[in-house]
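> Take a look at this one; I'll ask things after.
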Amino acid sequence: MDGTPATLPSLPADLIVQTSDAHDELSVFMPGRNTMAKYCTVVLRLLDAVPPDGDRFVDLARLCQEVRPDGVLSSAPVERRPEWPTEDLSAEPARSPDIRRSTTP
């Protein structure tokens, strides 16, 4: 089943079906029921993952979880890092105002 509306089985009328463009993603399968400890382990594994191409990263903001009978499959897309304008970092940064704390009660 490819997920296009023409091939989907009958679904409730109030269900919204969305399709996304093809993309690379990294996935982690954790057997058993989902717990906070397992979720945190998945997030840490995806954060530590190094995509094959050095200018890409795992976008955890778009993490998806698919609950299966034998566990949970978590996946997140791998995206290209945005281009940042290069700045002259040798210039002296702007000074922020001095902030002083009062020690009187």
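Only the coordinates and a few stated rules stand behind these numbers; no lab work does. On a predicted model such as this, the values are computed, not experimentally measured, just so you know. All Cβ positions, even for glycine, are placed from backbone atoms using ideal geometry, and neighbour counts span all protein chains on display.
> Long-range amide H contacts for Glu25: which residues qualify at under 5 Å (H placed 1.01 Å from N, peptide plane, sequence gap of 5 or more or a different chain)?
For Glu25, whose amide H was placed from the backbone, the distant partners under 5 Å are Val78.
> Label Trp84 and Cys40 with points 7 Å out from Cα along Cα→Cβ: what is the distance between them in nm?
Distance between label points: 2.9 nm.
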